[in-house]
Amino acid sequence: MESGISKLVVDLVSVAFEERGSKFQALAPVTMATEAGRFVSLIGPSGCGKSTLFNVIAGLLPPSSGRVLIDGEDFTGLIGRVGYMLQKDLLLPWRTVLDNIALGMEIRGAKLRDARAQAMPYLARYGLGGFELKYPATLSGGMRQRAALLRTLLIDTDVILLDEPFGALDAQTKEQMQEWLLQLWSDFRKTVVFVTHDLDEALFLSDEIHVMATRPGRIVETIAVPFDRPRDRSVVTTPEFARLKQHCLKLLSASHAIEDAA
Amino acid sequence: MTVSPTRPGVVLSKTIEAARPRRARRLPVQKPWPAWRIAGVQVGILILLLLAWEGAADSGVINAFFWSQPSAVFHSLIVFCVEGDALIDITTTFEETLIGFALGTAIGSMIGLSFWWSRNYAAVAQPFIICFESIPKLALAPLVILVFGIGLASKVAIATALTLVVTTLTVSSGVKAVDPDSERLFYSLGASRWQVFRKLVVPACLPWMISLLRVNIGLALTGAVVGEFIASQHGLGREIFYAGSTYDIALVWVAVLVLSTLSILMYLAVSALEKALRRGVLH
């Protein structure tokens, strides 16, 4: 980093909901710094506040305290600064695949014609060639996720949040999509924060994994993933991979044990 | 202690017996008739009914003064078309219905869509809409005639009132059904409210509006005809009312027949429109 400033900094962000008088701490003060161009994953049990944290970073939820800094600038509570892909693909059924992908650019001020022209080459390059004028209903789950991801990547932001994008896919499609995502990531050079339940997925994709725990949602440990890039699928069979997975599992089950005791 | 009729052994043996299949059956299959045969039977039934009506009136089983009879109705139809006001009556009713339908659907849709902009405004408006919905609007028809006169405007007003509320309620359900996750996606992309409205809310509600078209054309026609009953110079409703009050029952049937034909034709036209729109909007 020539400037010495992290791309994305979550600075002591906490979220509490008031519900019928009683306060519910969804997220304890969380701090996380991500360097430009890194691929970072968040893993943790459901209810650990991963999605809450994403909503805060995307500006969709004002935090109870703390700030979100991008390139050192305060973007807390502001929308449109980061790309956000939700679990569902959320493709609009009345738009063609091409127009769905162009939506992001269109919303950011481009004319639909220009947005289409700009998106067109990417469809062919990233496995959606021939589907440009099809409607989402005719696409398979994997294809739909590709379209949703391209929609997110083609907007002019350098930080992308992906909330379990492959959660609903079958194992084989999932692996293909992971490799496809790595390809895109290395082509687009964006900073990615990725939420998943799948440890193998997190280890295969990430430079860094934040392990989270519940009640209140918090980061318990940050693990560096040392594998070289570009990664080959065979990395999942190495002893180092197994050791890291074992370590993550232990962290996750420890947080479960505390939860059960409570 | 007496012997219980439900001793386990008895129940068991009965169950086994019942479980054993006695006979294999053929799957019941219905052979569908070809379309021409179904149509033929339908026409046959219609002719039989008309003949029975004619015969019953001729033989005095039913009073032809109150019920008229097909031959008289046919004669009356010819007179109505050749010498009577057929054309002007039909065009009057058609015009009233169409304008009321268009106005009610358009204004109702706009009101329904407007609820998206403010939850507070929607909450304030809700009881008024439901009140207006629960008023039997046709009961207000005499008032509407007083205010809007006996011309086109009053019938259009009644037809509009009938279609407007249904449309408002349905479209506001459509607005509520817009996926909140899609909305979040739009906002995460940095969309303005206007962009969310135009690119998400309106297209998402279009199917709801399209499904209203067929309902609304029928309601608009009802509104127009009831308006004509009360006070008007032309129209099929007025024709029915006039014929009834002069005991010209054959003419009542003629007007009802023409009105039904008009209704069916408009229904078919709107169905075709709906189909075309669905092809354009939904895939």
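Here's the yes/no breakdown for (1) in a strand (DSSP E or B); (2) small (G, A, S); (3) surrounded by fewer than 20 Cβ atoms within 10 Å (Cβ to Cβ):
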{"residue": "A:R146", "(1), (2), (3)": "no, no, no"}
{"residue": "A:L161", "(1), (2), (3)": "yes, no, no"}
{"residue": "A:M177", "(1), (2), (3)": "no, no, no"}
{"residue": "A:Q183", "(1), (2), (3)": "no, no, yes"}
{"residue": "A:V193", "(1), (2), (3)": "yes, no, no"}
{"residue": "A:R215", "(1), (2), (3)": "no, no, yes"}
{"residue": "A:S253", "(1), (2), (3)": "no, yes, yes"}
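Here is a yes/no grid of residues against (1) more than 15 Å from the chain's Cα centre (by Cα); (2) closer than 20 Å to A:I5 by Cβ:
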| position | (1), (2) |
| --- | --- |
| A:P63 | yes, no |
| A:G66 | yes, yes |
| A:I70 | yes, yes |
| A:Q87 | no, no |
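The residue that is farthest from A:A148 (Cα to Cα), among those in the range B:136-163 that are of a type outside the set (V, I, T) and in contact with a Lys or Arg (Cβ under 9 Å, 6 or more places away or on another chain), is B:F148.
Here's the yes/no breakdown for (1) more than 14 Å from every other protein chain (Cβ to nearest Cβ); (2) under 26 Å from A:S206 (Cα atoms); (3) part of a helix (DSSP H, G or I):
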{"residue": "A:E106", "(1), (2), (3)": "no, no, yes"}
{"residue": "A:D114", "(1), (2), (3)": "yes, no, yes"}
{"residue": "A:Y122", "(1), (2), (3)": "yes, yes, yes"}
{"residue": "A:F131", "(1), (2), (3)": "no, no, no"}
{"residue": "A:G142", "(1), (2), (3)": "yes, yes, yes"}
{"residue": "A:L149", "(1), (2), (3)": "no, yes, yes"}
{"residue": "A:I155", "(1), (2), (3)": "no, yes, no"}
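Of the residues making up the range A:179-220, those that are touching a Phe, Trp or Tyr at 6+ places or on another chain (Cβ under 6 Å) and polar (S, T, N, Q) number 1.
The single condition among (1) crowded, with 19+ Cβ neighbours inside 10 Å; (2) at the interface with chain B (Cβ under 9 Å from one of its Cβ atoms) that A:L60 does not satisfy is (1). Going by what's in this entry, would A:S6 be described as over 15 Å from the mean Cα position of the chain (by Cα) and either under 26 Å from A:L205 (Cβ atoms) or without any contact (Cβ under 8 Å) to a residue 60 or more places away in the chain (or both)? In short, yes. For the range A:43-57, taking the residues that are in contact (Cβ under 8 Å) with a residue 12 or more places away in the chain and not in a loop (DSSP other than H, G, I, E, B), the one that is farthest from the other protein chains (Cβ to nearest Cβ) is identified as A:I43. Just one of the listed residues (A:E201, A:E179, A:E208, A:E221) is within 19 Å of the chain's Cα centre (by Cα), closer than 30 Å to A:L133 by Cα and of a type in the set (D, E), namely A:E179. Only a single item in (1) of a type in the set (D, E, K, R); (2) touching a residue at least 24 places away in the same chain (Cβ under 8 Å); (3) touching a helix residue (DSSP H, G or I) at 6+ places or on another chain (Cβ under 6 Å) is not met by B:D85, and it is number (3).
If I filter the range A:227-242 for residues that are among the aromatic types (F, W, Y) and at pLDDT 85 or above, do I get at least one hit?
Yes, the range A:227-242 contains at least one residue that is among the aromatic types (F, W, Y) and at pLDDT 85 or above.
Within the range A:77-98, residues that are touching a residue at least 40 places away in the same chain (Cβ under 8 Å) and more than 7 Å from every other protein chain (Cβ to nearest Cβ) sit with their Cβ atoms under 9 Å from residues that are assigned to a loop (DSSP other than H, G, I, E, B) and basic (K, R), at 6+ positions apart or across chains, in these pairs: A:G83/A:K190; A:V97/A:K134.
Apart from one condition, B:K275 fits all of (1) touching a residue at least 12 places away in the same chain (Cβ under 8 Å); (2) more than 14 Å from chain A (Cβ to nearest Cβ); the exception is (1).
Please work out if A:Q172 is in contact with a Pro (Cβ under 6 Å, 6 or more places away or on another chain) and polar (S, T, N, Q). In short, no.
Of the residues in the range B:116-139, how many are within 26 Å of the chain's Cα centre (by Cα) and of a type in the set (F, W, Y)?
The total comes to 2.
Name the residues in the range B:202-221 that are surrounded by 21 or more Cβ atoms within 10 Å (Cβ to Cβ) and more than 14 Å from the chain's Cα centre (by Cα), would you?
Restricting attention to the range B:202-221, the residues satisfying the condition of being surrounded by 21 or more Cβ atoms within 10 Å (Cβ to Cβ) are B:205, B:209, B:212, B:216-217, B:219-221.
Once the filter is applied, which keeps residues that are surrounded by 21 or more Cβ atoms within 10 Å (Cβ to Cβ) and more than 14 Å from the chain's Cα centre (by Cα), the range B:202-221 yields B:C205, B:M209.
Annotation note: of B:A191, B:A153, the sole residue that is farther than 21 Å from A:L103 by Cα and surrounded by 15 or more Cβ atoms within 10 Å (Cβ to Cβ) is B:A153. Residues satisfying the criterion are present in the range A:29-36 (criterion: of a type in the set (G, A, S) and either more than 12 Å from every other protein chain (Cβ to nearest Cβ) or part of a strand (DSSP E or B) (or both)).
All of A:L103, A:L91, A:L112 fail the test of being aliphatic (A, V, I, L, M) and surrounded by fewer than 21 Cβ atoms within 10 Å (Cβ to Cβ), apart from A:L112.
When the residues of the range A:63-76 are narrowed to those that are touching a Lys or Arg at 6+ places or on another chain (Cβ under 8 Å) and assigned to a loop (DSSP other than H, G, I, E, B), which ends up nearest to the other protein chains (Cβ to nearest Cβ)?
Across the range A:63-76, the extreme among qualifying residues is A:F75.
The values are calculated or read from the model by the stated rules, or taken from the named source; none is laboratory data. Keep in mind that this is a model prediction, so the values were computed, not measured. Counting neighbours? That spans all protein chains shown, and the Cβs are built from the backbone with ideal geometry, glycine included.
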